[in-house]
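Readers should treat all values here as calculations from the given coordinates under stated rules, not as data from a laboratory. Since the model is a prediction, treat every value here as computed from it, not as a measurement. Don't worry about glycine lacking a Cβ; one is built from the backbone with ideal geometry, like all the others, and counts go over all protein chains shown.
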Amino acid sequence: MTRIEILEPHGLCAGVNAAIAKALTLRDVYCLHALVHNEIVIGDLKALGFRFVDGIEDVPDGATVVFSAHGVSPRVREAAAARHLTVVDATCPYVAKVHAAARDFARRGLPVVILGDPDHVEFQGIAGEVPAPLTFAEALSPASPLAEGARLGVVAQTTMNADDVARQVADLRTRYAVETAAEVCRATKERQDAVRAFAGDAVLVLGSRTSANSRRLADVAAATGKRAFLAGTMDEVRALDLAGVATLGVTSGASTPERFFADAVRFLKHVPQHVAIIMDGNGRWATQRGKARGEGHKAGAKTLGDVLDWCGARGIRYLTVYAFSTENWKRPKEEVDGLMSLFARILKAKESRFVESEVRFRMVGRRGDLSPNLLAVIEALEAKTARFERQFIVAISYGGRAEIVDAANAAIRAGEPLTEETFRRFLYAPDVPDPDLVIRTSGELRTSNFLLWESAYSEYYFTDTLWPDFTEAELDRALASYAARHRRKGGV
Ligand code: SF4
């Protein structure tokens, strides 16, 4: 199996992060060009109502326009001012520095050579700062307008391969007296250095083909003799042919969102997206130690907190746990009351931890069975954490059959013709993908009415360990067992 190594740093650079953060404070705006070169980010912004245009003339008079991290030429700024547009400038400070250097060379009367891709908007923005900019090829061509030995200024697109910049400056020096402000930005250089230093045999760059810095990272990998892959979507990641790759370094361009990076790495490492756990054995654990069953539940709650952290560290996006079944109401009243107040106490106490670790809390089960106090605590926590992507789902007063019956009744009330897809919409958490792996502790070999609909194709892992004794090593054994399985889902 291919070993996966994460190369650091990777992912969003400060310039792109700032541009996205700035854009997200706005509504009803136009973006001139792609705000950043990544289709996932652009898709998210489009869903929020952002409109993308290729020319300043496409922005209606009086509207608000965002200039992307790549910057714009002075001509565009003047046109925006003349049209009374409200401008939100998200130009990266590194790009602005290159503009300033090009302007300074031009002010001093020096011809300016720009290293980079003339079709890239960053190059075009810089070119707008000087009267007659030259490309590297034009400056060295036999038809160059520059006299041999002429003094000239050189700047570079921020996302170039640093080695290419050095080589091209050296080439220009063979014919001209070069003053240079050409350097790639720190974020680009650090990512390229990590790829150069990586000792494995292949590098996967996660990023769009439209992203110059992502393409450069792949070029750098190839230039150092490694196999280089570039993937911008999960479909492309799934289609990778890693045959013969012993160690794969994974990095991402400066405009690639962490969400995509995490999904891709989880897929490559065969880590399940959704783990569900039947936490069994609290009572037996307490009995074995001569303690009250409530002590077992408290120890189990402590283990659960740890497991939530361990799952987060492994990139597992959804963790669902079976905390209290519809059948558990038959237990002695004292134990049930103790459990319900333990739930309320723990959820209140852990509220800030959920927020700090950016975990969305959700409950599945029959809410009407819960006390108003516990329900209020649950719903307050759900509201407070609703914006987070990683999810922790607790099944309380839950039964798989009860969920199916509740969903069927809801579907009948809605008058929906039933298919597997329409039925799914009436489950307690219809947006949550089915569990990939269900773990059951304490040696019992039953599903016990847990996620009956959702676990149709889940892999199961059973262990004799009682839930309070469940360890990080046991979790890793379960994940390794999952990773070794070939999930056919009815196929071949
Ligand atoms: S890659 Fe560099 S120049 Fe481009 S936005 Fe990021 S920090 Fe700025």
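Things worth noting here:
- Charge tally for Glu334 (other residues, Cβ to Cβ under 14 Å; Lys, Arg +1; Asp, Glu -1): +1.
- Sum of side-chain charges, Thr135 neighbourhood, beta-carbon under 12 Å (Lys, Arg +1; Asp, Glu -1): -3
- Per-pair calculated FRET efficiency, R0 = 30 Å: Asp431 and Leu26 via Cβ, rounded to 0.05: 0.65
- Degrees, to the nearest 10: 93-107 long Cα axis against longest axis of the chain: 0 degrees
- Separation of the Glu138 and Glu334 label points, Cα + 7 Å toward Cβ, nm: 8.9 nm
- A simple charge model with +1 on the Cβ of Lys and Arg, -1 on the Cβ of Asp and Glu and nothing else charged puts the dipole of the stretch 274-483 at about 640 debye relative to its Cα centre.
- Global form of the chain, assessed from the alpha-carbon gyration tensor, a/c cut-off 1.5: prolate
- By the beta-carbon count within 10 Å of each Cβ, the least crowded to most crowded order of Arg367, Arg360, fewest first, is Arg367, Arg360.
- Checking every one of the trypsin sites (Lys or Arg not before Pro) in the stretch 1-108 against DSSP loop status and a limit of 15 other Cβ atoms within 10 Å picks out Arg27, Arg83, Arg108.
- Fully extending the segment from Glu389 to Ala96 would add 102.1 nm, taking 0.36 nm per residue of separation and subtracting the current Cα-Cα distance.
- Ordering Ser357, Ser252 from the fewest to the most neighbouring beta carbons within 10 Å gives Ser357, Ser252.
- Estimated 222 nm signal from helices in the chain, with DSSP H stretches of n ≥ 4 weighted -39500 (n - 2.57), rounded to 500: -12500 deg cm²/dmol
- Listed residues Cys311, Asn38, Gly15: farthest to the positive end of the dipole of the chain (Cβ charges): Cys311
- Working from label points 7 Å from Cα in the Cα-to-Cβ sense, the Glu5 to Thr422 distance is 5.4 nm.
- When chymotrypsin sites (Phe, Trp or Tyr not before Pro) are flagged only if DSSP places them in a loop and at most 16 other Cβ atoms lie within 10 Å, the longest unflagged stretch of the chain comes out as 1-387.
- Available extension along the chain between Arg151 and Ala14 is 45.9 nm, counting 0.36 nm per residue and deducting the alpha carbon span.
- Ordered by the count of other Cβ atoms within 10 Å of each Cβ, fewest first, Leu217, Leu339, Leu24 give Leu24, Leu339, Leu217.
- The residue list Ala480, Val336, Tyr460 was ranked by how far each Cα lies along the charge dipole of the chain toward its positive end, using unit charges on Cβ atoms, and Val336 comes out on top.
- Cut-off 14 Å between beta-carbons: net charge of the residues surrounding Leu375, Lys and Arg +1, Asp and Glu -1: +1
- Antiparallel bridge percentage (DSSP; both residues within the stretch 274-483; nearest 5): 0 percent
- Take the Cα of Asp58, step 7 Å toward its Cβ, do the same at Lys189, and the gap between the two points is 3.5 nm.
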